[in-house]
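Structure first, commentary second.
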Amino acid sequence: MIELELEAEDFLTLWSHPDSEWMVVDVREMEEQDMGRIPGAISMPLTVLFQQYKKLPTTRPLAVVCLSGRRSAEAVQFLCEKGYRATNIAGGMLAWPGPVEA
């Protein structure tokens with residue numbers, strides 16, 4: 001079972017494992033993502049996610065991130081209602097201790 005929310009450091013440990021199947025979905029607006037994002041994250045701003053969530057894989061667990069964790073929590077609730085396995089990265093990018101790419 002996937003937790004609905006994981007601390008950023010705990011998620012980093014799971015995500016960094018060589019066998020990790022996690023996909024990161026960044027729901028921040030594009031301007032916010034220009035400040036840096038988690039390497040390999042899929043960009044799907046929250047406003048777009050509600051319309052295009054079916055483009056996300058149902059076969060992999062999703063970790064959703066925003067700036068502080070509020071929008072990503074909303075996205076996780078929505079995705080779980082649609083049958084996805086999703087978790088919120090608590091504290092968002094403000095708490096992210098891992099690598100960031102431009």
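The values are calculated or read from the model by the stated rules, or taken from the named source; none is laboratory data. No experiment lies behind these values; they were computed from the predicted model shown. Virtual Cβ from ideal backbone geometry, glycine too; neighbours counted across all protein chains shown.
Contact map, segment 83-94: residues that are without any contact (Cβ under 8 Å) to a residue 24 or more places away in the chain and over 14 Å from GLY36 (Cβ atoms) paired with residues that are among the hydroxyl-bearing types (Ser, Thr, Tyr) and not in a helix (DSSP H, G or I), Cβ distance under 8 Å, separation 6+ or inter-chain. No pairs are found.
Kindly check whether there is at least one residue in segment 11-23 that is among the β-branched types (Val, Ile, Thr) and either at pLDDT below 95 or in contact with a Leu (Cβ under 9 Å, 6 or more places away or on another chain) (or both). Checked segment 11-23: no residue is among the β-branched types (Val, Ile, Thr) and either at pLDDT below 95 or in contact with a Leu (Cβ under 9 Å, 6 or more places away or on another chain) (or both). Where residues in segment 36-49 are in contact (Cβ under 8 Å) with a residue 12 or more places away in the chain and of a type in the set (A, V, I, L, M), which of them is surrounded by the fewest Cβ atoms within 10 Å (Cβ to Cβ)? Filtering segment 36-49 for residues that are in contact (Cβ under 8 Å) with a residue 12 or more places away in the chain and of a type in the set (A, V, I, L, M), the one surrounded by the fewest Cβ atoms within 10 Å (Cβ to Cβ) comes out as ILE42. When segment 60-102 is filtered for residues that are assigned to a loop (DSSP other than H, G, I, E, B), at pLDDT 95 or above and either small (Gly, Ala, Ser) or over 21 Å from GLU29 (Cβ atoms) (or both), the ones remaining, listed by number, are ARG60, PRO61, SER68, GLY69, LYS82, GLY83, TYR84, ARG85, GLY91, PRO97, GLY98, PRO99.
For segment 60-82, the tally of residues that are among the polar types (S, T, N, Q) and farther than 20 Å from PRO39 by Cα stands at 1. List pairs: first residue in segment 51-67 and more than 12 Å from TYR84 (Cβ to Cβ), second residue hydroxyl-bearing (Ser, Thr, Tyr) and surrounded by 15 or more Cβ atoms within 10 Å (Cβ to Cβ) anywhere in the structure, Cβ distance under 6 angstrom, at least six positions apart or on different chains. Matching pairs, first to second residue: VAL65/SER72; CYS66/SER72.
Within segment 26-48, the only residue that satisfies the criterion of being in a helix (DSSP H, G or I) and among the hydroxyl-bearing types (Ser, Thr, Tyr) is THR47.
All conditions in (1) among the β-branched types (Val, Ile, Thr); (2) over 13 Å from the mean Cα position of the chain (by Cα); (3) buried (at least 18 other Cβ atoms within 10 Å of the Cβ) hold for VAL76, with the sole exception of (2).
Within segment 3-25, the set of residues being in a loop (DSSP other than H, G, I, E, B) and surrounded by 15 or more Cβ atoms within 10 Å (Cβ to Cβ) comprises TRP22 only. When each of ILE2, ILE38 is tested for being at pLDDT below 95, aliphatic (A, V, I, L, M) and in contact with a Pro (Cβ under 8 Å, 6 or more places away or on another chain), the lone residue that passes is ILE2. Screening SER72 against (1) on the phi > 0 side of the Ramachandran plot; (2) touching a Gly at 6+ places or on another chain (Cβ under 9 Å) leaves a single unmet condition, (1).
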